[in-house]
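Participant: Got a structure for you, questions after.
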Amino acid sequence: ITNFVEKIMTNVNENSRPNLNILKQYIKDLSYENPLSLDLIQSQQNLNNVSVNMNALFHPYKKDTFGVSLKIVCHLSLEKNNVFHLELDYSGLFKIMNIEIYNQDDLTSEAVRLLFPFARSIIAQITLNGGSLPIFLDNIDFGTLQKSPS
């Protein structure tokens, strides 16, 4: 029975994703343009055409330290008019805690999962305080996203 309990405890303690410690997170770059007034935005009926693009870039540093930059671009045009354009480059520096051999895609996905709520909040605040409609990005399961080939 001791071996059985040890095996269960080992399985419970195994982590399917890397354990990362956020050493630093920061806004690397932020640009927001809102050329149209709130009256024009509110008068439009079709506001579901906000385009959102996200990219993540892995930056290796030391053996157990790396950075990830999460770039999010939100844009809305109506009838050939730019309503707003937002670009956020949000970065983090991470320390790998529980593995020595790692997959770069797994580390990137886990880092983005940790950074995204902060970037999401920044985008909501900037668009709300910037005079346009607030953009509330949906939560994303970064583990299910397909990786683009390098």
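The values are calculated or read from the model by the stated rules, or taken from the named source; none is laboratory data. In this text, all values refer to a predicted model and were calculated from it rather than measured experimentally. Don't worry about glycine lacking a Cβ; one is built from the backbone with ideal geometry, like all the others, and counts go over all protein chains shown. The accessibility values were calculated without ligands, DNA or RNA, using every heavy atom of the protein model including side chains. Shrake-Rupley method; radii C 1.70, N 1.55, O 1.52, S 1.80 Å.
For every residue, the table says whether it meets (1) touching a Gly at 6+ places or on another chain (Cβ under 8 Å); (2) not aliphatic (A, V, I, L, M).
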| site | (1), (2) |
| --- | --- |
| K62 | no, yes |
| L76 | no, no |
| Y90 | no, yes |
| M97 | no, no |
| E100 | no, yes |
| D105 | no, yes |
| R113 | yes, yes |
| F118 | no, yes |
| I122 | no, no |
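Participant: Enumerate the strands (runs of 3 or more DSSP E) found wholly within region 43-142, keeping only those where 1 or more residues are under 20 Å from the mean Cα position of the chain (by Cα) and basic (K, R).
Facilitator: Working: elements: 51-60, 65-78, 81-96.
So the answer is 65-78, 81-96.
Participant: Condition first: at pLDDT 90 or above, acidic (D, E) and open to solvent by 50 Å² or more (accessible area, probe 1.4 Å). Now tell me which residues in region 81-104 satisfy that.
Facilitator: E87
Participant: What about K28, is it open to solvent by 90 Å² or more (accessible area, probe 1.4 Å), at pLDDT 95 or above and within 21 Å of N129 (Cα to Cα)?
Facilitator: Working: open to solvent by 90 Å² or more (accessible area, probe 1.4 Å): yes; at pLDDT 95 or above: yes; within 21 Å of N129 (Cα to Cα): yes.
It is true that K28 is open to solvent by 90 Å² or more (accessible area, probe 1.4 Å), at pLDDT 95 or above and within 21 Å of N129 (Cα to Cα).
Participant: Same structure again: Applying the selection to region 31-77, what residues are open to solvent by 50 Å² or more (accessible area, probe 1.4 Å), aliphatic (A, V, I, L, M) and modelled with pLDDT under 80?
Facilitator: The answer is L38, L40.
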